[in-house]
Amino acid sequence: MRAALLAWLLAGAAQAVEPGQPAPDIALPQATLPAKQLSELRGQLVYLDFWASWCGPCRQSFPWMGELQKKYGARGLQVLAINLDKQRADADAFLARTPAAFALAFDAQGEAAKRFAIKGMPSSVLIAPDGQVLWAHRGFRVEEAAELEARIVQALPR
């Protein structure tokens, strides 16, 4: 299943997003927030995460992302995680074991991942309030969490 998803993601024609580029405006299918397009989140610092139920590091990143949302949401951070499972039931089973304390969207067709040229899980992109990509990161290791958080805090509106 992982190999098929990665092959499918790699088949997309999109170029990887680069810092300084505008973030692609993507639909947010079945989002748990009022926004239905990424562009509706302009004015906020967006930590956009792509995940799947089979992703081991995603189980570690979810509590960390929940803490980010709790600590920095009032300062303008919006954590948004987009699930790429083909079957919503797989995502729901993951969420029953590892709850999300941040916004979610569910993109079984993988259109958002194609637009961002995602090549692995989890992958994250930090998007400035003006819609520009600040940085992209692939993977998640607990030992990197403090450095990632420091970079997010540095990008928060003053």
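Taking the condition surrounded by 13 or more Cβ atoms within 10 Å (Cβ to Cβ), under 13 Å from the mean Cα position of the chain (by Cα) and either farther than 23 Å from A155 by Cα or modelled with pLDDT of 95 or more (or both), does W8 pass? Steps first, please.
On the way: surrounded by 13 or more Cβ atoms within 10 Å (Cβ to Cβ): yes; under 13 Å from the mean Cα position of the chain (by Cα): no; either farther than 23 Å from A155 by Cα or modelled with pLDDT of 95 or more (or both): yes.
The answer is no for W8.
Do we find that A91 is in a helix (DSSP H, G or I), touching a residue at least 24 places away in the same chain (Cβ under 8 Å), under 20 Å from P29 (Cα atoms) and not β-branched (V, I, T) in this structure?
Details: in a helix (DSSP H, G or I): yes; touching a residue at least 24 places away in the same chain (Cβ under 8 Å): yes; under 20 Å from P29 (Cα atoms): yes; not β-branched (V, I, T): yes.
When the stated conditions are applied, A91 passes them.
I'd like the full set of residues that are open to solvent by 70 Å² or more (accessible area, probe 1.4 Å) and either farther than 19 Å from G120 by Cα or at pLDDT below 95 (or both), limited to region 57-87.
Taking region 57-87 and keeping what is open to solvent by 70 Å² or more (accessible area, probe 1.4 Å), we get 59-60, 63, 67, 70-71, 74-75, 86-87.
Within region 57-87, P63, E67, K70, K71, A74, R75 meet the criteria.
Could you please find all residues in region 11-34 being small (G, A, S) and at pLDDT 95 or above? Steps first, answer last, please.
The first filter runs over region 11-34 and keeps only residues small (G, A, S), leaving 11-14, 16, 20, 23, 27, 31.
If the condition is that a residue be small (G, A, S) and at pLDDT 95 or above, then A23, A27, A31 are the ones that fit.
Checking the conditions here, which among G76, G131, G110 is at positive phi and under 14 Å from the mean Cα position of the chain (by Cα)?
Working: G76 fails: under 14 Å from the mean Cα position of the chain (by Cα); G131 fails: under 14 Å from the mean Cα position of the chain (by Cα).
Selected residue: G110, the only one of G76, G131, G110 that is at positive phi and under 14 Å from the mean Cα position of the chain (by Cα).
How about region 134-152: which of its residues are within 13 Å of the chain's Cα centre (by Cα) and not small (G, A, S)?
Initially, region 134-152 is screened for residues within 13 Å of the chain's Cα centre (by Cα), giving 135-140.
The answer is W135, H137, R138, F140.
Mind checking whether some residue in region 115-124 is β-branched (V, I, T) and either open to solvent by 40 Å² or more (accessible area, probe 1.4 Å) or more than 11 Å from D49 (Cβ to Cβ) (or both)?
No, region 115-124 contains no residue that is β-branched (V, I, T) and either open to solvent by 40 Å² or more (accessible area, probe 1.4 Å) or more than 11 Å from D49 (Cβ to Cβ) (or both).
With respect to G73, is the statement that it is assigned to a helix (DSSP H, G or I) and out of contact with any Asp or Glu (no Cβ under 8 Å at 6 or more places or on another chain) true? First the steps, then the outcome.
Working: assigned to a helix (DSSP H, G or I): yes; out of contact with any Asp or Glu (no Cβ under 8 Å at 6 or more places or on another chain): yes.
Yes.
Which of (1) touching a Pro at 6+ places or on another chain (Cβ under 6 Å); (2) within 23 Å of E144 (Cβ to Cβ) is the odd one out, the single condition R75 does not satisfy?
In the conditions (1) touching a Pro at 6+ places or on another chain (Cβ under 6 Å); (2) within 23 Å of E144 (Cβ to Cβ), R75 misses (1) alone.
Would you tally the residues in region 88-106 being open to solvent by less than 30 Å² (accessible area, probe 1.4 Å), under 23 Å from L134 (Cβ atoms) and touching a helix residue (DSSP H, G or I) at 6+ places or on another chain (Cβ under 7 Å)?
Number of matching residues: 1.
Out of the residues in region 16-56 that are within 14 Å of the chain's Cα centre (by Cα) and more than 21 Å from R88 (Cβ to Cβ), which is surrounded by the fewest Cβ atoms within 10 Å (Cβ to Cβ)?
D25
Starting from region 99-114, take each residue that is at pLDDT 95 or above and list its partners that are open to solvent by less than 20 Å² (accessible area, probe 1.4 Å) and among the charged types (D, E, K, R), counting only C-beta distances under 8 angstrom and pairs at least six apart or across chains.
F106/D85; A108/D85; A113/D107
The values are calculated or read from the model by the stated rules, or taken from the named source; none is laboratory data. It should be emphasised that the depicted structure is a prediction, and the values quoted were computed from it without experimental measurement. Neighbour counts run over all protein chains shown; Cβ positions are idealised from the backbone, glycine included. For accessibility, only protein heavy atoms count, side chains too; no ligands or nucleic acids. Shrake-Rupley method; radii C 1.70, N 1.55, O 1.52, S 1.80 Å.
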